[in-house]
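What follows is a set of notes on a single structure, which appears directly below.
What follows is calculated from the coordinates using simple rules that are stated; it is not laboratory data. The structure presented is a predicted model; accordingly, all values stated were derived computationally and were not measured. As a convention, Cβ positions derive from the backbone with ideal geometry for all residues, glycine included, and neighbour counts pool all protein chains shown.
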Amino acid sequence: MLLHNSYLIYFAYQLKMPFLYLMKKILCFAGSNSRHSINTILVNYVANKIIDHEVKIISLLDYELPMYSLDLENERSFSADLQVLRNIIKDHDALIISVNEHNGSISAFFKNHLDWLSRLDRNFLEGKKVLLMSTSPGARGAKSALEFCKLVLPRFGAEIVESFSFPSFQDNFSIEENKITNDVLEMGLNDMLSTFEHHINL
Ligand SMILES: Cc1cc2nc3c(=O)[nH]c(=O)nc-3n(C[C@H](O)[C@H](O)[C@H](O)COP(=O)(O)O)c2cc1C
């Protein structure tokens, strides 16, 4: 039997089950198109730590978008994949995104998704609270890509509530054991996640 949402919230409140009535929908993805993406590994790792909210992990590879051009937009308008992706984003309260870095900026792949989404709906991130991460094999942890996103995503309505660049991925994360091997980074990441979860409940 399906219960109306407001009844569910009422019962959750009466039964003192805050995890139900405060439950938010969080969408998680990486900005990479690599099948072995370290940003995908990181975003999955963080997403799997969240237990009090509804979490959905997607791959942007499942939303195929040709290289943006105004001509293509005029000729073919907006693809079904693009509209589905926009609707999935709209349907969530918050996002966790981990971006890769190519030559000091975000990858062309992720930029292309941002370009298409912004053409379909300039405010496609309106009201979304965002936890932004980045990682790379290098010591800066793709910080330039992270900084780029911190500047650009708010233009589309995003509120960046936390950001974290994870340095030297291969030195600080064991892919075999799926865990962070650097205690300081693990603590920093847990703190950041707590702050993010606090913010999305406000
Ligand atoms: C074309 C290209 C440019 C790159 N430029 C940078 C860079 O500027 N800074 C950096 O930290 N890593 C750079 N890298 C290395 C990436 O950080 C590395 O490939 C990483 O695995 C990408 O993340 P992903 O695995 O999530 O796709 C570059 C890699 C490629 C292929």
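Of note:
- All told, residue 95 meets the bar of being in a strand (DSSP E or B), crowded, with 18+ Cβ neighbours inside 10 Å and either more than 16 Å from the ligand (Cβ to nearest atom) or hydrophobic (A, V, I, L, M, F, W, C) (or both).
- Qualifying positions in segment 63-86 - within 16 Å of residue 109 (Cβ to Cβ) and of a type in the set (Ser, Thr, Tyr): 63, 68, 69, 79
- Scanning segment 156-174 for residues that are away from the ligand (no atom under 11 Å from the Cβ), surrounded by fewer than 16 Cβ atoms within 10 Å (Cβ to Cβ) and over 16 Å from the mean Cα position of the chain (by Cα) turns up 171, 174.
- Residue in segment 49-67 that is touching a Ser or Thr at 6+ places or on another chain (Cβ under 8 Å), touching a residue at least 60 places away in the same chain (Cβ under 8 Å), under 23 Å from residue 192 (Cβ atoms) and surrounded by 15 or more Cβ atoms within 10 Å (Cβ to Cβ) present: no
- Members of segment 175-191 found to be buried (at least 18 other Cβ atoms within 10 Å of the Cβ) and in contact with a strand residue (DSSP E or B) (Cβ under 6 Å, 6 or more places away or on another chain), listed by number: 180
- Screening segment 19-41 for residues that are in a strand (DSSP E or B) and in contact with a helix residue (DSSP H, G or I) (Cβ under 7 Å, 6 or more places away or on another chain) and picking the one that is farthest from the ligand (Cβ to nearest atom) gives 27.
- Test result for residue 44, outside any loop (DSSP other than H, G, I, E, B), at negative phi and within 16 Å of the ligand (Cβ to nearest atom): yes
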